[in-house]
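Down below is the structure, laid out as structure tokens.
The values are calculated or read from the model by the stated rules, or taken from the named source; none is laboratory data. The structure presented is a predicted model; accordingly, all values stated were derived computationally and were not measured. For neighbour counting, all protein chains shown are included, and Cβ atoms are generated from backbone atoms with ideal geometry for every residue, glycine included. Accessible surface areas use protein heavy atoms only, side chains included; no ligands, DNA or RNA. Shrake-Rupley method; radii C 1.70, N 1.55, O 1.52, S 1.80 Å.
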Amino acid sequence: MNNIFDSHSHYTESAFDCDREELLNNLPFKGVEKIVTVSACMEDCPKILELTSKFDYIYGALGVHPEAADYTPEDFLPRLEKYILSSEKIKALGEIGLDYHYDGYSAEKQKKLFISQLELAKKLDIPVIVHSRDASNDTMEILREYKPKGVVHCFSGSAETAKEIIALGMYISFTGVITFKNAKKALRALEKVPTDRLMLETDCPYMAPVPFRGTRCSSDMIAYSAQTIASVKNMDVQTLVDAATENTKRLFGIEF
């Protein structure tokens, strides 16, 4: 399998500290053509800029994850804008969104953080990478209002929500979770996503697919998710990978 584009990864995470450079040097020999590596907090931004400058095939997305809402300073937006504008290899604002999974979250803080970054993305005319966990209703309400260009990543919503996201003109991507035995909801949603709105991702080092579930994930493992998705879509797997890569290039404005 070749021409793989991992649309969502986290190569600044400490899980890669022991072998990051070796791994990233080897991925192109495993069929991985391009990667977008994504920030979760402001501290990630300079690290991602460094990675994108060191590796030609790596691009970046900068933004603040909803779980960072409690410790992100009020004046973060000008800094984030400066980081984004500092490199042509930053192709999206993300990941941003809502996450109500853990106790103690503030929905209002998360919404404020999400909306402020959607407004910045509109100002800069760049796509967004949206995270939504256990917050589908509020996420969709905001997306309906702001109508950003972008992708809802690591999709875990219903088939009905998937159809509405597509109707808004956005893309959807699935992680290795699509290979899990209990992925029936994700598989039903996948059936509603047309091939021209589908992207592939790992979310590595998280979400490793079967047969690697529970281990550290890396971009080459996207092949296993692609096989499952291609089976559902009744497509040749390389054809599916090529289509997803074209979609990712189109959204992020990347040519190769």
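A few notes on this one:
- Selection from region 19-48 of residues that are touching a helix residue (DSSP H, G or I) at 6+ places or on another chain (Cβ under 7 Å), part of a helix (DSSP H, G or I) and within 23 Å of GLY63 (Cα to Cα): CYS45
- Summed over region 59-68, the residues that are more than 15 Å from VAL130 (Cβ to Cβ) and open to solvent by 20 Å² or more (accessible area, probe 1.4 Å) give a count of 1.
- Among the residues making up region 1-18, those that are in a loop (DSSP other than H, G, I, E, B) and either closer than 18 Å to TYR206 by Cα or among the aromatic types (Phe, Trp, Tyr) (or both) are HIS10, TYR11, THR12, GLU13, ASP17, CYS18.
- ASP56 meets each of the listed conditions (1) closer than 27 Å to ASN137 by Cβ; (2) open to solvent by 30 Å² or more (accessible area, probe 1.4 Å) apart from (1).
- Residue selected from region 59-72 under the condition in a loop (DSSP other than H, G, I, E, B) and touching a residue at least 60 places away in the same chain (Cβ under 8 Å), by the criterion nearest to PRO205 (Cα to Cα): HIS65
- Looking only at region 80-94, residues that are closer than 19 Å to LYS149 by Cα, surrounded by 13 or more Cβ atoms within 10 Å (Cβ to Cβ) and of a type outside the set (A, V, I, L, M) come to 4 in all.
- All positions within region 169-198 that are in contact (Cβ under 8 Å) with a residue 60 or more places away in the chain and over 20 Å from CYS217 (Cα atoms): TYR171
- Test: ASP56 is under 23 Å from ASP203 (Cβ atoms), assigned to a loop (DSSP other than H, G, I, E, B) and modelled with pLDDT of 95 or more: yes
- Of everything in region 189-225 that is closer than 22 Å to ILE35 by Cα and touching a Lys or Arg at 6+ places or on another chain (Cβ under 6 Å), the residue that is most open to solvent (accessible area, probe 1.4 Å) is ASP220.
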